[in-house]
1. Among the aspartates and glutamates, which have Cα under 20 Å from the Cα of B:LYS144 when same-chain residues fewer than 8 positions away are ignored?
2. What FRET efficiency comes out for B:TYR216 versus A:ASP192 if R0 is 41 angstrom and r is the Cβ-Cβ distance? Round to the nearest 0.05.
3. Could you tell me how many degrees, from 0 to 90 and to the nearest 10, lie between the Cα long axis of helix A:150-161 and the main elongation axis, the longest principal axis, of the Cα atoms of chain A?
4. Counting pairs of alpha carbon atoms under 8 Å apart in space and at least six apart in sequence, what relative contact order in percent does the stretch B:160-271 give?
5. Name the residues of the stretch B:128-160 whose amide N is less than 20 Å from a point 7 angstrom out from the Cα of B:SER38 along the C-beta direction?
6. What FRET efficiency would be calculated for the residue pair A:THR185, B:GLN14, taking the C-beta separation as r and a Förster radius of 41 Å, to the nearest 0.05?
7. Output the relative contact order of the stretch B:51-234, whole-number percent, from Cα pairs under 8 angstrom with separation of 6+ residues.
8. Between B:THR181, B:THR47, B:THR107, find the one with the highest GNM mean-square fluctuation for chain B; connect C-alpha pairs within less than 10 Å.
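The values are calculated or read from the model by the stated rules, or taken from the named source; none is laboratory data. Only a predicted model underlies this, so the values are computations on that prediction, with no experimental measurement involved. Virtual Cβ from ideal backbone geometry, glycine too; neighbours counted across all protein chains shown. Note: accessible area is taken over every heavy atom of the protein model, side chains too, but ligands, DNA and RNA are not part of it. Shrake-Rupley method; radii C 1.70, N 1.55, O 1.52, S 1.80 Å.
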Amino acid sequence: MGGGELPGLLVNEIGGIHGILYLITMKEFIENRKHMSKKIQAIYLWWHKPVIDQELLQSLPNLKVIANSGVGMDHLDLKLIASFGVKMANCPHAVSTSTADTGMALLLASARRLVEGYHIVISSCMEYCEASFLGAEVTGATLGIIGMGSIGYKIALRAKAFEMNILYHNRTRRKEQEEQAVGATYCEKIDDLLRQADFVMVVVSLTPQTHKLIGKREMELMKPTATLINISRGAVVDQEALVTALQTGVIRAAALDVTYPEPLPRDHTLLKLKNVIITPHLGIRTDKAAYMITEEAVENILAALNGLPIPNEVLPS
Amino acid sequence: MWYHRPVITAELLQTLPNLKIVASSGMGIDHLDLDLLSSYGVKLSNTPFVVSTDTADLGMALMLACSRRLVEGYQMAVSPDTEYFPSDWLGSEVSGMTLGIVGMGTTGYKVAQRAKAFEMKILYHNRHQRNKEEESAVGATYCKKIDDLLQQSDFVLLSVSLTPQTHKLIGKRELELMKPTATLINISRGLAVDQDALVEALQNKIIKAAGLDVTYPEPLPRDHPLLKLKNVLITPHIGGATKKTHRLMMENMVESIQASLAGLPVPNEVL
């Protein structure tokens, strides 16, 4: 059980890759640093663990690659890792479909008040007025997508089938054919999107530029009947401003698959608001996505270990 | 008539000698005795197409919520006991899976249009096969035998109207033909499903889950097993419940009433 010939792969806990890599858990590594540290050539991150810090990087002289199991890299210090000559990779393809589905699930659940409706059905009180329980229409409404990368684009493809009017805001404009395929209109200024959208879907990666991208100003530009859906990172939205906006009717509702932190402290106001749906970072939580992510990560790891170009390398720029 | 009230009985009809029309909101007319109404010379209208879009949207909402375990996830996210989200807590994928639509009328077809964008493989069962253009527009394959649809589908969506033929259309036999990983979505009428058989199927993992906008009765008695099962999502018959649709339904009903009072042909008349 020494795994002398196979390259060592450090993981947080055991999850299922074997035969081409020798799995070493964090627990094993900590208990046996001296023996294990030279074996480890790759790290596979699952839900941001193990934590990559200076100390860990210094203790792994033969580390060649860190493969992340999702697409977001905001939890990693890319420059620090690169300074050790270690390459990094993520899994952009495996996550995009599941995350787009999550965005649509949240949009529909919020608009049609699914969670509230369910609680009415199971509550011990039989009296309620059917006729006054109304949701917001999805078909024909205007969807504003902020961040039109692979995930944002897949959302647009789905929303088009609901005959939604699609606006988008992005660092760069997409090609005309891509826009036409989903019937999307580019909003160079985010304000134009915010003013017109019935649903604002945030699908950006977290960078210093997108930190608190949606704050008090942006929410006040939104329609009072609008819904904010966040499937990117909690820190993209100014959470305190969001609480105020929801409490004072500046916007109608919010659906958040991500918060800062995750999970929120149990006494956080967001957990108590009736017009908020919070989900536990469902983005890629499907059996299929988990499998595809691991496949993609292993591909990245093997390429790095064999000195070949890494399919989904992430550079520290 | 809104949400099936007031209830139309012979007694009521006898007391209203000048009643010309009953305008019923929504699509279903299974709550009305058509013979009784016509014997009193009273016309009937409904609002068949207005609700179909919102109902199709709700069908998709239920499918996504069930497979991604949205309500369970919400409960975990807000529960006072939650300390972290377990890394092996997973739902199942919707995109790319097989959807079997039972009842490909206006609503069923709209579901197909939406499901196509999720790259779902679409099968359908209907009294009549749709024409080639309609089928290829949504990539749907006709299953003359419902069994074929049931055996292949990851999601079985019911969007039939309730008739004597569709009463308990999905019973023990049908549920057993479904995959153990399949989810049943009902946006038609509670009585299209044998509810007791459904409870048993869910308890014994014959099928994985169910998403029901309709039950029998509505609401269910407070001690009904369906309300306690973890793998069931029930909504309070909100298929057509949006502001826009309610207004449109009302406009349609007023139109029908005005036409009948003026002795003109009645739009949306049910014959």
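1. Output for B:LYS144: B:GLU133, B:GLU134, B:GLU135, B:ASP154, B:GLU174, B:GLU176.
2. Efficiency computed from Cβ-Cβ geometry: 0.25.
3. 30
4. Over the stretch B:160-271, the number comes to 21 percent.
5. Under cut-off, by backbone N: nothing.
6. It comes out at approximately 0.10.
7. Relative contact order, the stretch B:51-234: 20 percent.
8. Comparing B:THR181, B:THR47, B:THR107 in the GNM, the peak value goes to B:THR181.
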